[in-house]
Structure formats: C-alpha cells, structure tokens
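The next block holds one structure in the form of structure tokens; read it before the comments.
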Amino acid sequence: MSKPIIVANWKCNPATQKEAELLFNSVKKGALKIKKAEAVICPPFIYLGTIYKRQATGIKLGAQNCFWENPPTGGGAFTGEISPRMLRDLGCSYVILGHSERRRYQRESDRDINKKLIAALKGGLKVILCVGENESENKKGKTFEVIKNQLKKDLKLISNFNGSVAYEPVWAIGTGKSCRVQDAKKVNTFIKKILGKKTPVLYGGSVNSQNAGDYIKNAGFNGLLVGGASLKPKEFLEIIKKAA
Ligand code: PGA
C-alpha cells in the first residue's frame, strides 16, 4: 500500500510572507520525521517562491489553482493567470483543481475545470480534483448523482486519468461538521468503481487530529485534504501522524 497523502490547503492564508515562512518551517521540521505519510503543502501562489527556497526533500509543494493554457513558452497574454509551467518551475508537483470555493466564488464551471485539468496533466502536475455535493443535494440524497456528473464533465476527453480525487462534501468544509466515516466510505468506493481501484481518493471537510485516522483506516481513503487545521502546525502534524 502506498503512503497516505496529507495535503495542506492554506487557502488565502496567512496574511504575510513572514507568517507563511514561519508556518512552513514549523510544519517542515515535524513532517520530515514522519516517513509513512507524504505531506503536500499548498500555499497561496505568492508564497511559493520563498517556500520553495526553504523546501526540503520529503515535503512536496502544490498550488491551489492554475490556468487552463500552458503555452510551450510557459506564458502568454493572460492577465493575472499562472500557468502549469510556472508552477513546475517553482517546485510544485501538485495542483488542486475544482475546489468548491472556486466553483462558487470564481464561478468555475466543469468546462473550465476540464480545461485546467488537461493543461495541468500535460504540464506534468499531479492533479487533485475536488468533487462533492452541497447541503441541499445531500439532503435530497443526490450525493452519488452529483459526484458522477462532476467526474464525467471534469474528466471529459481525459483517458487514463492518473491524478487523485478529493471527496469534499461542501457542507463539511470549514463547518466542523465532518462527514460520517461510513458515508464517506461509500463515496470512496463509488469513485474507485468509476475511475478504477488504483485512483487515490482523498477525504476533505473538517478534518482534524481526532477524525483523521478513521478516514484512512476505516474508510480506506488514500489521503486527506486539510483546510483550517493545516494552519495550526501542531494539529496538522498530529493529523499526519494519525494518518501514517
Ligand atoms: P476544512 O477545509 O478542513 O477547513 O474543512 C477543507 C478544504 O476546503 O479543502
């Protein structure tokens, strides 16, 4: 069995470069000692350069988004965008795509996400594709339908998808209401049925050191996508330990 992947999604945090360096350094020391899990840190774009300089082998870097064009030159006339090539140059091996916050606030459609996936995969990034139902879809029992639909549209024209999928129920993100392990397990099985047993499936949504081990051990997830708790070094390290 391969190591669980524990991904820190810092979102739009912290507020200063100094704080980002401090946060990274305090996670780095502890994470390097835990050999049985792979830690991936996804800071805001703007901190990637400084963190890359402080990176150590054993900790992977990722981005929270990328643009859907990856021109051979690595750039082009796309104001405000960051290409997969630029991310690779700053040491990123992973990219999170389709996060529900981007689907919501940036109005990213499945079509946009599909284009980004194609560019990221071509650009040599490992993709973590986020899918998940919102609260009303959950209440209506539409979880599986929503996920199947998202996977179909997001992965259109992509054969042999070799990235990971993160199941993130939207109602569980940042709310402290994590998904019941037995329910999450069913979704894990469902995604693997569609994409193949070898596709790593991560769980995300109010992960903490209390529930982290359960998702790996009892629900069979291959990793975790951690938001709020990844900003607290002690708690995040505890999560990595529990997963390992
Ligand atoms: P959370 O966020 O851990 O704060 O719920 C998870 C995510 O949005 O990836």
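Just a yes or no: is a residue in region 132-154 in contact (Cβ under 8 Å) with a residue 60 or more places away in the chain and touching a Phe, Trp or Tyr at 6+ places or on another chain (Cβ under 7 Å)?
The initial filter retains those residues of region 132-154 that are in contact (Cβ under 8 Å) with a residue 60 or more places away in the chain, namely 132.
Keeping just the survivors that are touching a Phe, Trp or Tyr at 6+ places or on another chain (Cβ under 7 Å) gives 132.
Yes, there is a match, as at least one residue in region 132-154 is in contact (Cβ under 8 Å) with a residue 60 or more places away in the chain and touching a Phe, Trp or Tyr at 6+ places or on another chain (Cβ under 7 Å).
Please return the ranges of strands (runs of 3 or more DSSP E) entirely within region 139-244 where 1 or more residues are among the aromatic types (Phe, Trp, Tyr).
164-167, 201-204
Determine whether region 224-232 contains at least one residue that is within 16 Å of the ligand (Cβ to nearest atom), under 21 Å from residue 13 (Cβ atoms) and without any contact (Cβ under 8 Å) to a residue 24 or more places away in the chain.
Restricting attention to region 224-232, the residues satisfying the condition of being within 16 Å of the ligand (Cβ to nearest atom) are 224-232.
From what's left, under 21 Å from residue 13 (Cβ atoms): 224-232.
With without any contact (Cβ under 8 Å) to a residue 24 or more places away in the chain added as a condition, the list becomes 229, 232.
Checked against the condition, which is being within 16 Å of the ligand (Cβ to nearest atom), under 21 Å from residue 13 (Cβ atoms) and without any contact (Cβ under 8 Å) to a residue 24 or more places away in the chain, region 224-232 yields at least one hit.
State yes or no: is residue 18 open to solvent by less than 60 Å² (accessible area, probe 1.4 Å), over 30 Å from residue 133 (Cβ atoms), not hydrophobic (A, V, I, L, M, F, W, C) and not in a strand (DSSP E or B)? I'd like the intermediate steps shown before the answer.
Numbers: open to solvent by less than 60 Å² (accessible area, probe 1.4 Å): no; over 30 Å from residue 133 (Cβ atoms): yes; not hydrophobic (A, V, I, L, M, F, W, C): yes; not in a strand (DSSP E or B): yes.
Criteria not met by residue 18.
For region 178-213: of the residues being near the ligand (Cβ under 9 Å from one of its atoms) and under 23 Å from residue 103 (Cα atoms), which is most open to solvent (accessible area, probe 1.4 Å)? It would help to see each step written out before you state the result.
Of all residues in region 178-213, those near the ligand (Cβ under 9 Å from one of its atoms) come to 178, 204-208.
Okay, now just the ones that are also under 23 Å from residue 103 (Cα atoms), so 178, 204-207.
Numbers: 178: 42, 204: 0, 205: 5, 206: 26, 207: 11 Å².
Ranking the candidates gives 178 first.
Please count how many residues of region 27-58 are farther than 22 Å from residue 174 by Cβ and assigned to a helix (DSSP H, G or I).
So the first thing to find is which residues in region 27-58 are farther than 22 Å from residue 174 by Cβ, and the list is 28-38, 48-58.
Still in the running and assigned to a helix (DSSP H, G or I): 28-33, 48-54.
Total satisfying the criteria: 13.
The values are calculated or read from the model by the stated rules, or taken from the named source; none is laboratory data. Bear in mind the structure is a predicted one, so any value in this text is a computation, not a measurement. In this analysis, Cβ positions are derived from the backbone assuming ideal geometry, glycine residues included, and neighbour counts consider all displayed protein chains. What goes into the accessible areas is simple: the full protein's heavy atoms, side chains included, and nothing from ligands, DNA or RNA. Shrake-Rupley method; radii C 1.70, N 1.55, O 1.52, S 1.80 Å.
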